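Remarks on the structure that follows.
Nothing in this text is a laboratory measurement; each read-out follows from the coordinates by a stated rule. Predicted model, so just to flag it, every value in this text is computed and none were measured. Backbone-built Cβ (ideal geometry, glycine too); neighbour counts: all protein chains shown.
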């Protein structure tokens with residue numbers, strides 16, 4: 001594997017987004033957290049957890065205004081746990097490393113994530129800085145770059161998912177990756193994810209279906 005070319009910090013880079021088709025954009029303008037609660041896809045969040053998420057958000061986006069915070073219905077938890085067990089089995093029974101990370105997205109993707117989870121249909125949606133994958137960040141200020149720029153949905157807001165991610169073992173990613181690089185050429189074992197910086201990762205890219213579990217949706221203006 002050839003070394004990746006030198007690049008500026010990934011956290012200073014904004015991959016290009018893909019514009020939603022006109023019909024999807026029109027549908028997205030009618031979406032709201034209230035309608036998703038009514039459909040059973042979101043649940044109101046207890047005050048203590050809401051305050052915790054608000055603190056995390058405002059710590060990095062001090063000018064933001066929290067509009068709402070919701071628990072995601074856990075319909076994909078079983079598939080996430082199955083993958084977690086599989087990764088643990090591959091590493092001799094040790095539980096894989098998990099991180100709680102942010103994922104920014106426009107409103108038109110919210111129902112898809114709530115209904116289908118984070119699967120490979122989202123790979124490369126916001127560019128391929130670390131490979132054709134689904135991206136998560138330690139920093140909500142970075143993740144919010146991939147929300148609707150001027151707000152979206154019925155109420156002109158932005159949304160972030162707060163997710164649990166099976167990052168496992170990782171290495172620095174490359175834009176040409178379609179799966180994690182090999183960790184052991186003899187056994188064919190691969191890393192579980194790729195990152196922007198191995199010493200202090202700020203961005204994680206995952207390549208498997210259900211390698212991340214959406215926990216909460218945070219709605220805000222910024």
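Values computed for the structure shown
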{"read-out": "Rough spin-label spacing in nm, given labels placed 7 Å along Cα→Cβ, for residue 112 and residue 155", "value": "2.4"}
{"read-out": "Highest-first arrangement of 151-159, 29-37, where packing means the average Cβ count within 10 Å", "value": "151-159, 29-37"}
{"read-out": "Separation of the residue 71 and residue 182 label points, Cα + 7 Å toward Cβ, nm", "value": "4.5"}
{"read-out": "From the C-alpha gyration tensor of segment 101-222, square roots of 5λ in Å", "value": "27, 14, 12"}
{"read-out": "FRET E, pair residue 47, residue 85, Förster distance 41 Å, beta-carbon r, rounded to 0.05", "value": "0.75"}
{"read-out": "Burial order of peptide ranges 100-109, 44-53, 165-174 (average beta-carbon count within 10 Å, highest first)", "value": "100-109, 165-174, 44-53"}
{"read-out": "Separation between Cα centres of segment 128-199 and segment 202-220, rounded to whole Å", "value": "8"}
{"read-out": "Packing-based exposure ordering (other Cβ within 10 Å, fewest first) of 80, 135", "value": "80, 135"}
{"read-out": "Extension gain (nm, one decimal) between residue 58 and residue 221, 0.36 nm per residue minus Cα-Cα", "value": "57.6 nm"}
